[in-house]
Amino acid sequence: MKESLHINPEIVARRCAVKSLDYRQLTPLDWIVLDFADGLKSFSELSRLIPAEPEDIATAYYHLRLLGLITWQSSNNTSRTGAEQNRPETSRSGMSAGVGQSSLNRSSVNPGIATQNPSRSGSNQSLVGVPQQSVTAGVSPSGISQLPNAGAMRDSSLRMRSVISLTPAVSGYSDEVCAQYLPPRLFTTFRRFQPTLLNASLDIPTEAQVFIEFIHENLSSMSPCDLLGLPEGTTDKALIRQAYLNRTKQFHPDRYFRKNTGAFAPRIAAIFKAISSAFATLQAQ
Amino acid sequence: MTEYALGIDLGTTNSCVSIVEQGKPIIIANSAGYKTTPSIVAIAESGKRLIGQLAKRQAITNATNTVYSTKRLIGRTIHDPEVQNCIATLPYEIVEGPHDDIRVVMRDKQYSLPEISAMILGELRQVAENYLGTSITDAIITVPAYFNDAQRQATIDAGTIAGLNVLRIINEPTAAAIAYGTQNKKRQTIAVFDLGGGTFDISILSIDDGIFNVLSTTGDTFLGGEDFDNRLIEYLVLNFAREHDIDLREDPMAMQRLKISAEKAKCELSEMKSTEINLPFICTDAQGAPLHINTTVTLEQFENLVIDLVKRTLKICQVALMNANVTQNDIDEVVLVGGMTRMPLVQRAVAEFFHKQPAKNINPDEVVAVGAAIQADGLIHQGQKHILLDVTPLDLGIAVHGGKFHVITPKNTTIPCTNSVVFTTSFDNQTSLRIVVLQGEQQQAAENQRLAEFTFSGIRPGPAGSVDIQIKFDVDPDGIVNVTAKDLQTQHEHFVTVSRSSNLTPEEIEQMTKDNADYLAAEKMNADLKQAVEYLKLSLKSLRDLNATANLPAPIANFTRNLLQRGDDLVKSPDTVVNVNRMTDDINNAISLINEGQ
Ligand SMILES: Nc1ncnc2c1ncn2[C@@H]1O[C@H](COP(=O)(O)OP(=O)(O)OP(=O)(O)O)[C@@H](O)[C@H]1O
Ligand SMILES: [Mg+2]
């Protein structure tokens, strides 16, 4: 199904140039999603336009986000003016690569207010004076990217505009930390997320839940270097060690001792085990 | 309210408790003012439990009802040759309990070993609770790295019986490394050399940015200070036998005295070149004339007696280095733990072996408890600052064809971990497979410790070798082993949790926990009653004084006299706390009435 999708080589080349990406890292579905994502359509709406399940589209979104090709951004009341001023540009730039959005990217969000506002899921129009979110294709200069929250993941029929991401300040995770969860090599064989798994009531920030699930779902296709977040073929023992220690801090089950980790507990354990055997493998080389 | 968790070093000879208070680990001294509590339990004639210093103090006069060194026995079965060895040498009675378990006897009552340890744990918990003024249930207890599963499990049982919630069992050398590493933050590889009262442990760890990574761990559960003592005792007994043709080993009282003197002499020889051993009236000869031991032992003599023990520790160090894939030169620091490392010969040997002087400023008696407390505190509070990557101490695997031990998870594998192997059926139409889970280091299956046994049935019939069965070992961060057997074609599987199978049944543990709690409650009741009687006595004294000095009208004087009489009776035979307190109140009321009337 995905193979039959049309790819416009010109757009591919242009977008990849922005981040000096290897376009082969993108799956056909990624490209299509990139073409259709305008920051307004929900996953299920997109699913009507693209022959793919909403979950697959969500997966593509994450993939694109990992590549830095799209950013989720949000704005709230405090930065409303800024949002308004930037809005025309924001929505237009939804399709154009490489447009900086730094003025919006750092804005903080109050997820409580945002999700309670009925206008966000009920209407397609942008209302002045309420928080707004949009998905933008393109790379922000500050490299900030954010993810939609659990609610949005659970119900993919929610309007995309109402997708709210937890800011690093809210989630307790800095971008650097988030970045460490990402393997540098990306996979063309994505497994699909289970949006129902994400659970805001757990003691794991939603972003971390997404990463845990992402890595867990892709464990079998990850090489030892991938697991440690190293470029393929790394042999420097010190680098390997450092990468292992970093990963340990993220995935050692003790990090979540006595915390409510729900369905993630076995996933975290599985990831840690994979990481330590990856380390042992690389160490033995 | 701040939550506290105990770090407990449950030692063979001495135990120690620590907590983290306001971010700082502290060692809590017991009521006698000592920072370590002897791991000794006794039952007095009154039936009262004596623990620690109190038990040690009466060890000579009450030798058969005083139990010590139980860490050498815990988690073993009665048939264990090492247990048989203990039975021969220890002065208290050791008998066989249900399902091959061991029981020790004090005043005709049998106790399991976890119960004995529970008494010590309870005492330490009390020490900490008295200090903090709150109740604490969470604890990390340390064990020698080389403890096997049953020994760890028995230690957890001890915690349970003591009413503690054992957060985790961690290895003593690892705990010591945590205590050392939180103070010395630089990136380094260290060796922890722990020679305690009963066990020897050596661990190689790397410490890096808050991560404690155990590279290898090994040791000997039957090599410690007591072996050094025994060498000296043997020497003294032999000399005595030569001289008087009397075997002192047959006299438990004499052996007790010898043991104490030998240990004292050993410790003195850490400071001095020679020491005197003086044991007057150690026994009588055939004619009933008293015999004495009065001899001088020099440091050199003593070192000659134990040099092979020290060499044994170094051999084990060599293995530890090899397993960790490092050499002496990679070790940045050597941390000495355990009272025995105070012996100059040990220090010299270690320094020579590792080509460097051991780390200074580490208290070898306290560092393990401190590390346990730091780890416990880190676990229960948000923001785990350091992470411990410990390893499996022994090979884990299953018994295979020909009675061999097939290792699935090799020792020194970082936990948590998962390992699996695929086996196949060995004869046609085999429908079940017996799986025996083992732990140990011997090639022959039978020589290793059996952790569990189960039958994987429901295998698809087929020719021999046609069915693939995967056996998967899962070890979680607590060291609990889970084993799954799975038919790879049908995905039919069988899952067992192996560990947490101790020598005690859950019912037994429950009963012991209840007995312990009952005893403590009764004890507390007695203590409360005593306290109440003391208050009553004070009030009685005030009233008596008042009665004597104040010129009271006859009816009141009569009333007072009557009250004093009843009060005195109650002091003589107090019944319940409530009644005693009521009497005290009555007397206090009378006192205030008289005072008002004047
Ligand atoms: N100054 C000293 N010189 C020599 N030996 C000593 C000295 N002080 C204590 N010891 C010995 O150290 C041993 C006790 O050490 P420690 O208290 O560390 O053991 P433990 O923690 O109870 O035992 P383990 O760790 O094996 O369970 C005893 O055998 C004691 O005689
Ligand atoms: Mg010790």
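The values are calculated or read from the model by the stated rules, or taken from the named source; none is laboratory data. From a predicted model like this one, the values you see are computed outputs, not experimental measurements. With ideal geometry, Cβ positions are generated from the backbone for all residues, glycine too; neighbour counts draw on all protein chains shown. Please note that ligands, DNA and RNA were not included when accessible areas were found on the heavy atoms of the full protein model with its side chains. Shrake-Rupley method; radii C 1.70, N 1.55, O 1.52, S 1.80 Å.
General remarks:
- Residues of region A:253-267 satisfying the condition of being at the interface with another protein chain (Cβ under 10 Å from one of its Cβ atoms) and either open to solvent by less than 40 Å² (accessible area, probe 1.4 Å) or outside any helix (DSSP H, G or I) (or both): A:Pro253, A:Asp254, A:Tyr256, A:Phe257, A:Arg258, A:Lys259
- Total residues in region B:360-393, condition modelled with pLDDT under 90, of a type outside the set (S, T, N, Q) and farther than 19 Å from A:Arg255 by Cβ: 2
- Some residue of region B:235-253 being assigned to a helix (DSSP H, G or I), near ligand 1 (Cβ under 10 Å from one of its atoms) and of a type in the set (Phe, Trp, Tyr): no
- Within region B:151-197, if we keep just the residues that are within 16 Å of ligand 2 (Cβ to nearest atom) and of a type in the set (Val, Ile, Thr), the residue that is surrounded by the fewest Cβ atoms within 10 Å (Cβ to Cβ) turns out to be B:Ile169.
- Just one of (1) without any contact (Cβ under 8 Å) to a residue 24 or more places away in the chain; (2) within 16 Å of ligand 2 (Cβ to nearest atom) fails for B:Val17. It is (1).
- Residue within region B:422-443 that is aromatic (Phe, Trp, Tyr) and either assigned to a strand (DSSP E or B) or within 14 Å of another protein chain (Cβ to nearest Cβ) (or both) present: yes
- Top-ranked residue in region B:329-357 [being in a loop (DSSP other than H, G, I, E, B) and away from ligand 2 (no atom under 16 Å from the Cβ); ranked as nearest to the other protein chains (Cβ to nearest Cβ)]: B:Asp332
- B:Leu132 fulfils the conditions (1) away from ligand 1 (no atom under 16 Å from the Cβ); (2) open to solvent by less than 10 Å² (accessible area, probe 1.4 Å) except for a single criterion, (2).
- Exactly one residue among A:Gln250, A:Gln209 is in contact with a helix residue (DSSP H, G or I) (Cβ under 9 Å, 6 or more places away or on another chain), away from chain B (no Cβ under 14 Å) and at pLDDT below 90, and that residue is A:Gln209.
- Any hit, region A:173-180, residues being at pLDDT 85 or above, open to solvent by 30 Å² or more (accessible area, probe 1.4 Å) and away from chain B (no Cβ under 13 Å): no
- Answer residue from region B:30-58, given it is under 14 Å from B:Leu121 (Cα atoms), in contact (Cβ under 8 Å) with a residue 24 or more places away in the chain and not hydroxyl-bearing (Ser, Thr, Tyr) and is farthest from ligand 1 (Cβ to nearest atom) among those: B:Arg49
- Of the residues screened, B:Lys411 is one that is touching an Asp or Glu at 6+ places or on another chain (Cβ under 6 Å) and assigned to a loop (DSSP other than H, G, I, E, B).
- Any hit, region B:66-84, residues being more than 16 Å from ligand 2 (Cβ to nearest atom), assigned by TED's automatic domain parsing to the domain that holds B:Met340, touching a residue at least 60 places away in the same chain (Cβ under 8 Å) and among the basic types (Lys, Arg): yes
- Any hit, region B:222-232, residues being over 19 Å from B:Asp308 (Cβ atoms) and free of Cβ contacts under 8 Å to residues at least 40 places away in the same chain: no
Rundown of residues vs (1) within 14 Å of the chain's Cα centre (by Cα); (2) within 12 Å of ligand 1 (Cβ to nearest atom), yes/no style:
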residue	(1), (2)
B:Gly163	no, no
B:Ile169	yes, no
B:Pro173	no, yes
B:Leu195	no, yes
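- Unmet criterion (only one of (1) at pLDDT below 85; (2) open to solvent by 10 Å² or more (accessible area, probe 1.4 Å)) for A:Asn218: (2)
- For region A:231-247, residues that are over 24 Å from the mean Cα position of the chain (by Cα) and within 8 Å of chain B (Cβ to nearest Cβ) total 1.
- Some residue of region B:311-323 being assigned to a helix (DSSP H, G or I) and under 29 Å from B:Thr61 (Cβ atoms): no
- Filtered by the rule that a residue be more than 16 Å from ligand 1 (Cβ to nearest atom) and surrounded by fewer than 23 Cβ atoms within 10 Å (Cβ to Cβ), region B:214-234 gives B:Leu215, B:Ser216.
- Considering residues of region B:99-119 that are open to solvent by less than 10 Å² (accessible area, probe 1.4 Å) and in a strand (DSSP E or B) only, the residue farthest from B:Ile40 (Cα to Cα): B:Ile102
- Near pairs, Cβ below 6 angstrom, 6+ apart or cross-chain, from region A:229-246 (basic (Lys, Arg)) to any residue that is open to solvent by less than 20 Å² (accessible area, probe 1.4 Å): none
- When residues of region B:267-302 are limited to those that are within 11 Å of ligand 1 (Cβ to nearest atom) and open to solvent by less than 20 Å² (accessible area, probe 1.4 Å), the one farthest from B:Phe228 (Cα to Cα): B:Leu269
- Put simply, of B:Asp377, B:Asp365 the only residue that is within 16 Å of ligand 2 (Cβ to nearest atom), over 22 Å from B:Ile204 (Cβ atoms) and acidic (Asp, Glu) is B:Asp365.
- Among residues of region B:322-347 that are more than 16 Å from B:Pro144 (Cβ to Cβ), those with a Cβ under 8 angstrom from a residue that is acidic (Asp, Glu) and away from ligand 2 (no atom under 15 Å from the Cβ), sequence gap 6+ or separate chain, pair up as B:Leu345/B:Glu303.
- Residue match in region B:421-439 (condition: open to solvent by 50 Å² or more (accessible area, probe 1.4 Å), in contact (Cβ under 8 Å) with a residue 40 or more places away in the chain and of a type in the set (Asp, Glu)): no
- Verdict on B:Asp586 being at pLDDT 85 or above, in a helix (DSSP H, G or I) and surrounded by fewer than 14 Cβ atoms within 10 Å (Cβ to Cβ): no
- All positions within region B:199-232 that are in a strand (DSSP E or B) and within 14 Å of chain A (Cβ to nearest Cβ): B:Leu205, B:Ser206, B:Ile207, B:Asp208, B:Ile211, B:Phe212, B:Asn213, B:Val214, B:Leu215, B:Ser216
- Residue in region B:519-539 that is within 30 Å of B:Asp100 (Cβ to Cβ), without any contact (Cβ under 8 Å) to a residue 60 or more places away in the chain, open to solvent by 30 Å² or more (accessible area, probe 1.4 Å) and not polar (S, T, N, Q) present: no
- Selection of region B:358-396 for residues being within 16 Å of ligand 1 (Cβ to nearest atom) and assigned to a helix (DSSP H, G or I) yields B:Val367, B:Val368, B:Ala369, B:Val370, B:Gly371, B:Ala372, B:Ala373.
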